[in-house]
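This report refers to the structure that appears directly beneath it.
The values are calculated or read from the model by the stated rules, or taken from the named source; none is laboratory data. The structure displayed is predicted, hence computed values, not measured ones. FYI the Cβ positions are ideal-geometry reconstructions off the backbone, even for glycines, and counts take in every protein chain you see. Heads up: the accessible areas ignore ligands, DNA and RNA and are worked out on the full protein's heavy atoms, side chains in. Shrake-Rupley method; radii C 1.70, N 1.55, O 1.52, S 1.80 Å.
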Amino acid sequence: MHALETKLLGEINYDDASVIEFPRGLPGFDACRRFVAVSLEHTNPLVFLQSVEDAALCFTTLPVLAVDPRYRLSLSGEDRDLVDLPATRQPIIGREVLCLAVLSVRETGATANLLAPVVVNPRNLKAVQAVAQESGYSHQHVLTAPAVEEVAVCS
C-alpha cells in the first residue's frame with residue numbers, strides 16, 4: 001500500500017493493482033501516465049483522477065452517462081488496440097469500459113468534455129483519452145443542475 005499526500009484530496013492510500021495507466025499519457029500532461037480513480041461518498045458521482053506521479057495533478061470527472069444518458073462512444077481502432085479492447089466493435093459503457101468526461105469549472109459555470117472522454121478498460125486498467133472528431137460532441141458541453149451542484153474543483 002502506498003500513501004500519497006495530494007493537493008486537493010489530502011492523503012490517499014492506494015495499491016499498485018488499482019493504478020490506471022495511460023500508455024500515451026494525456027494531452028498536455030504526457031509525463032503523467034499513472035492515476036488512481038478516487039470516489040468520495042459526499043461528492044458522488046464525481047470521480048477524481050489523481051496522478052500518482054504529480055501530487056498536484058488531479059482531474060475532476062463525471063461518468064459520461066451522468067452527463068448524457070444517450071452518449072454514444074466512438075473509439076478509433078488505434079485507441080481500442082491501445083487499451084486491449086475488441087477491434088471489431090465499440091465497447092459497451094458501464095459493462096466493458098468506464099467512460100468519464102473531464103470537467104472544467106469556471107466562474108461562468110461548469111462544462112464537460114464529451115468530445116474526448118477518458119476510457120478505461122477495467123480488466124487491465126489501461127486508459128486513453130479518446131478524441132472522437134466526427135462525433136458531434138463538444139469539449140465544452142454545458143452542465144446544468146443537478147450535475148453541477150456538487151462539482152469540486154480539482155485541477
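Quick look at the numbers
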item: Any hit, the stretch 44-61, residues being among the β-branched types (Val, Ile, Thr), in contact with a Lys or Arg (Cβ under 9 Å, 6 or more places away or on another chain) and either surrounded by 13 or more Cβ atoms within 10 Å (Cβ to Cβ) or on the phi > 0 side of the Ramachandran plot (or both); result: yes
item: Flag if Glu134 is closer than 17 Å to Phe22 by Cβ, out of contact with any helix residue (DSSP H, G or I) (no Cβ under 6 Å at 6 or more places or on another chain) and either assigned to a loop (DSSP other than H, G, I, E, B) or open to solvent by 10 Å² or more (accessible area, probe 1.4 Å) (or both); result: no
item: Any hit, the stretch 105-122, residues being free of Cβ contacts under 8 Å to residues at least 60 places away in the same chain, assigned to a loop (DSSP other than H, G, I, E, B) and under 19 Å from Val19 (Cβ atoms); result: yes
item: Residue under evaluation Arg72, criteria (1) under 25 Å from Ile12 (Cβ atoms); (2) open to solvent by 10 Å² or more (accessible area, probe 1.4 Å); (3) over 14 Å from the mean Cα position of the chain (by Cα); (4) not hydroxyl-bearing (Ser, Thr, Tyr), criterion not met; result: (1)
item: Filtered residue count, the stretch 96-110, keeping only those that are at pLDDT 95 or above and either within 18 Å of Phe29 (Cβ to Cβ) or open to solvent by 10 Å² or more (accessible area, probe 1.4 Å) (or both); result: 6
item: Filtered residues of the stretch 8-26 (kept if at pLDDT 90 or above and outside any strand (DSSP E or B)); result: Leu9, Asp15, Asp16, Ala17, Ser18, Phe22, Pro23, Arg24, Gly25
item: Strands (runs of 3 or more DSSP E) enclosed by the stretch 27-68 - at least 2 residues per element that are farther than 18 Å from Ala130 by Cα; result: 34-38, 47-51
item: Among (1) buried (at least 17 other Cβ atoms within 10 Å of the Cβ); (2) charged (D, E, K, R); (3) at pLDDT below 95, the one test that Lys126 misses; result: (3)
